[in-house]
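Here the structure comes first, spelled out in structure tokens, and everything after it is commentary.
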Amino acid sequence: MKKILFAASEALPFAASGGLGDVIGSLPAAIKQAEKDCDIRVIMPLYDKVGKVYRSRMTKVLETTVELGWRRQYCGLYSLVEKGVTYYFIDNEFYYRRGTLYGEGDDGERFAFFCKAVVDLLPQIDFYPDYLHAHDWQAALAVVYLKCMYADREGYRDIKTVFTIHNIQYQGIYDLYNMGDLLGLHERFAPVLEFNGCMNFMKGAIVCADMVSTVSPTYAKEILSPEYSHGLHHVLEMCKGKLTGILNGIDREYYNPAKDKELVRNFSYMRPEGKKECKKYLQEYLSLPVREDVPMIVMITRLVSHKGLDIVKDSLYSLLEENVQFVLLGTGDFAYERFFDEAARRFPGKMRTLLKYDKELSKRIYAAGDIFLMPSLSEPCGLAQMIASRYGTVPVVRETGGLYDSIRDNGWEGGGNGFTFAPYTGMELYGAVKRALNAYESKEEWEKLVLKVMRFDFSWKKSAKLYIQMYERLN
Ligand code: ADP
């Protein structure tokens with residue numbers, strides 16, 4: 001039986017801030033379904049954000065201490081089973097009782113502790129995996145610790161490592177001076193972690209891992225170029241032989257408009273009528289004019305620059321001159337929050353800006369929208385366009401990364417599942433949305449497109465098999 005351990009900083013439904021949480025909450029179960037003969041487990045921090053419903057289902061596995069540099073820190077371990085997968089939660093209130101997942105001054109230490117605990121705990125839970133699969137910079141040091149400090153130890157010797165880059169923009173960069181003090185790593189390992197005079201957790205994992213993957217084939221190519229690599233292209237070029245790209249999927253049960261309890265009316269491609277009710281409900285809820293004939297453009301996104309918000313800003317006032325409604329749900333950089341809030345104030349009959357992270361509301365917006373706008377400057381994979389499709393909201397996307405791999409333009413001769421554009425300008429974005437609005441005018445054409453988009457298969461089925469093949473290549 002194959003044993004796989006995922007190490008990651010978030011997972012739905014326990015705690016999430018973006019697409020990583022979706023993936024860690026759904027990929028393990030999909031792998032288990034595709035490969036019955038495997039024991040796949042996940043380990044993540046126990047944040048205070050993890051709700052009571054889940055805590056009440058947890059059992060305490062152990063209490064121990066973990067050495068991190070000169071520190072000796074308390075470490076509790078809890079577990080529960082979700083969708084047939086064991087999830088472990090590392091408890092330390094000093095590190096994880098912060099009201100937030102990331103953005104703390106000591107994030108480097110918080111996630112170094114997490115990674116050290118992951119590796120330290122294996123003998124205590126009697127689970128030496130065949131594959132340790134770490135995700136993004138927060139879990140990167142688990143691979144580094146394993147290769148640098150544990151590789152010769154009994155039990156650890158045969159563990160193969162995979163590191164997945166969900167977003168190369170966030171690398172975990174800290175002062176090199178902290179290597180011994182913070183991480184407890186000997187200075188001879190400096191060449192592993194050092195990059196541009198600093199410690200770079202992601203670079204360390206790229207160098208150490210047996211296999212590096214990212215979340216779409218196009219992004220795997222893009223990050224080899226300086227335009228997308230955030231400085232790591234040379235490192236990746238050196239490791240190109242072990243780099244691969246596998247497109248993410250979505251959890252079709254969690255995102256299922258036919259059963260979703262958050263919706264006022266359920267719907268499916270067999271019975272699509274309920275979508276109209278969802279739109280009416282949202283218009284009422286947001287005090288927008290209740291108009292079925294007015295196309296509703298929606299965005300659900302972190303408000304950060306690589307999500308393409310600068311070109312949304314450039315074209316927003318032109319878009320709002322059209323006969324549309326615009327709903328944006330997101331949190332992030334203050335400057336964007338202020339801009340979109342102000343725009344909603346200026347166009348009270350057309351636009352609403354909801355500055356929060358709200359999973360339930362997001363599903364109601366996915367269900368109510370007609371057009372889903374995702375004009376990212378770069379996009380490793382993107383799940384929002386897949387979720388939108390599942391809820392019959394037609395994506396308008398920029399051709400980059402996973403957006404390019406998942407959405408084809410409606411004008412494409414093989415038949416598309418959205419509207420796409422390439423040059424990163426407000427004009428191009430406006431042009432693509434305008435084509436969608438024109439299509440919306442022909443009721444019959446639009447309804448056909450909506451049904452086609454809903455039927456598109458963005459499940460994990462294919463990709464879960466690709467992950468299994470990737471593990472097998474390591475043997
Ligand atoms: P990223 O991981 O870069 O944020 P993805 O498209 O891969 O982008 O995944 C974003 C996920 O986070 C989706 O599930 C999306 O619905 C969700 N999300 C983003 N912003 C919000 C928000 N403000 N409220 C609720 N869910 C959100």
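The values are calculated or read from the model by the stated rules, or taken from the named source; none is laboratory data. Keep in mind it's a predicted model, so treat the numbers as computed, not measured. Neighbour counts are summed over all protein chains in view; Cβ atoms, including those assigned to glycine, are modelled from backbone coordinates with ideal geometry.
Scanning the stretch 337-354 for residues that are of a type in the set (Lys, Arg) and over 16 Å from residue 315 (Cα atoms) turns up 338, 345, 352.
Within the stretch 129-144, is even one residue of a type in the set (A, V, I, L, M, F, W, C) and assigned to a loop (DSSP other than H, G, I, E, B)? Among the residues of the stretch 129-144, not one is of a type in the set (A, V, I, L, M, F, W, C) and assigned to a loop (DSSP other than H, G, I, E, B), which makes the answer no.
The residue that is surrounded by the most Cβ atoms within 10 Å (Cβ to Cβ), counting only those in the stretch 314-352 that are among the hydrophobic types (A, V, I, L, M, F, W, C) and more than 24 Å from residue 436 (Cα to Cα), is 339. For the stretch 146-165, give me the residue count where each residue is crowded, with 24+ Cβ neighbours inside 10 Å and over 18 Å from residue 41 (Cβ atoms). Of the residues in the stretch 146-165, 1 are crowded, with 24+ Cβ neighbours inside 10 Å and over 18 Å from residue 41 (Cβ atoms). Which ones in the stretch 404-427 are touching a Gly at 6+ places or on another chain (Cβ under 6 Å) and in a loop (DSSP other than H, G, I, E, B)? Matches in the stretch 404-427: 407, 408, 410.
Note on the stretch 327-347: among residues that are touching a residue at least 24 places away in the same chain (Cβ under 8 Å) and over 24 Å from the mean Cα position of the chain (by Cα), the one that is nearest to residue 376 (Cα to Cα) is 339. Pairs meeting the criteria (first residue in the stretch 371-386 and closer than 16 Å to residue 359 by Cα and touching a residue at least 12 places away in the same chain (Cβ under 8 Å), second residue assigned to a strand (DSSP E or B) and within 7 Å of the ligand (Cβ to nearest atom), beta carbons under 8 Å, at least 6 apart or on different chains) are 384/300; 384/301.
Annotation note: of 288, 282, 185, 263, the sole residue that is in a loop (DSSP other than H, G, I, E, B), assigned by TED's automatic domain parsing to the domain that holds residue 322 and either under 24 Å from the mean Cα position of the chain (by Cα) or not β-branched (Val, Ile, Thr) (or both) is 288.
Residue pairs whose Cβ atoms lie under 6 Å apart, sitting 6 or more positions apart in sequence or on different chains, and linking a residue in the stretch 297-323 that is within 14 Å of residue 333 (Cα to Cα) to a partner that is within 8 Å of the ligand (Cβ to nearest atom) and part of a helix (DSSP H, G or I), are 301/307.
The rows are residues; the columns are (1) more than 16 Å from the ligand (Cβ to nearest atom); (2) acidic (Asp, Glu); (3) surrounded by 24 or more Cβ atoms within 10 Å (Cβ to Cβ).
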residue: 10; (1), (2), (3): no, yes, yes
residue: 21; (1), (2), (3): no, no, no
residue: 27; (1), (2), (3): no, no, yes
residue: 37; (1), (2), (3): yes, yes, no
residue: 40; (1), (2), (3): yes, no, no
residue: 48; (1), (2), (3): yes, yes, no
residue: 54; (1), (2), (3): yes, no, no
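Just one of the listed residues (138, 169) is assigned by TED's automatic domain parsing to the domain that holds residue 200, within 22 Å of residue 23 (Cβ to Cβ), within 16 Å of the ligand (Cβ to nearest atom) and in contact with a Phe, Trp or Tyr (Cβ under 6 Å, 6 or more places away or on another chain), and it is 138.
Do we find a residue being within 12 Å of the ligand (Cβ to nearest atom) and either outside any strand (DSSP E or B) or in contact with an Asp or Glu (Cβ under 6 Å, 6 or more places away or on another chain) (or both) anywhere in the stretch 316-328? The answer is no, given that none of the residues of the stretch 316-328 is within 12 Å of the ligand (Cβ to nearest atom) and either outside any strand (DSSP E or B) or in contact with an Asp or Glu (Cβ under 6 Å, 6 or more places away or on another chain) (or both).
Scanning the stretch 64-87 for residues that are in contact (Cβ under 8 Å) with a residue 60 or more places away in the chain and within 15 Å of residue 184 (Cα to Cα) yields 67, 68, 69, 70. When restricted to residues that are closer than 30 Å to residue 29 by Cβ and in contact with a Ser or Thr (Cβ under 6 Å, 6 or more places away or on another chain), the stretch 228-253 contains 7. Within the stretch 461-473, is there a residue that is touching a Phe, Trp or Tyr at 6+ places or on another chain (Cβ under 8 Å) and either assigned to a loop (DSSP other than H, G, I, E, B) or surrounded by fewer than 16 Cβ atoms within 10 Å (Cβ to Cβ) (or both)? No, every residue in the stretch 461-473 fails to be touching a Phe, Trp or Tyr at 6+ places or on another chain (Cβ under 8 Å) and either assigned to a loop (DSSP other than H, G, I, E, B) or surrounded by fewer than 16 Cβ atoms within 10 Å (Cβ to Cβ) (or both). Annotation: of all residues in the stretch 99-128 being among the acidic types (Asp, Glu) and within 26 Å of the chain's Cα centre (by Cα), the one that is nearest to residue 61 (Cα to Cα) is 109.
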